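These notes are about the structure you will find just below.
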Amino acid sequence: MNLLALVFMLVAVVQAHTVLLPPHGKQCFFEHLKANDELSISYQVGSRDPNNAEQYTIDFYIISPNDKTRVSKSGVDHGDESIKADMTGRYKYCFSNERSSRVDLDVSFNVHGVVYIDVNDPKSDTLDYAIKKLAELTSDVKAEQNYLVIRERTHRNTAESTNSRVKWWSLFQIVVVAANSLFQIYYLKRFFEQSVIGKLRRQKQSS
């Protein structure tokens, strides 16, 4: 077993994507895997509305070529799911917003793959093959960075919206407290004025 075969026995592949899920909508994708390949999918659910701080959820599942459900998640806002292919074929994974009728959801997801390479494959022993794989890995790093930027944007929008709501709620509380204080001052002032007037009237009548 030579050095190149050792380095590229397992090759990591990453792809970053974003999909818009309408109400009652579903999006499915396919990956062709060979036996012993590994597939990992990380995802984050958000809204494109920067003023919306609510955290929405979706359903997620992975189905093998023989229609067996390998992963099934309901009501999740993010996740990181992994499987190891037990057979060669086309694997399907889906993001579902079918239970919601309110808003469009923005799903950012990364597809991480670990491709098993047979060390007996003559192509794995060539310099061109090694250079090609290094170029693919460089591209995958860029895709991973793009995914992280999208995920950070979703978290930032949520945080900014939450901060805005806290600010307006604090201002509302200040207005309520100020109004209540003014009312109490007015009420006490009227109470004492009426008490003084009543006392003066009684003194006048007694005299």
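No lab work stands behind these numbers, since they all come straight from the coordinates. All figures in this text were calculated on a predicted structure; none of them were measured in a lab. Positions of Cβ are backbone-derived with ideal geometry, glycine not excepted, and every protein chain shown enters the neighbour counts.
Some notes on this structure:
- Residue pairs meeting the criteria (Cβ under 7 Å; at least 6 apart or on separate chains; first on the phi > 0 side of the Ramachandran plot, in the range 73-92; second not in a strand (DSSP E or B)): GLY75/THR57; GLY89/PRO65
- Test: residue in the range 189-203 that is over 30 Å from GLN44 (Cβ atoms), within 53 Å of the chain's Cα centre (by Cα) and in a helix (DSSP H, G or I): no
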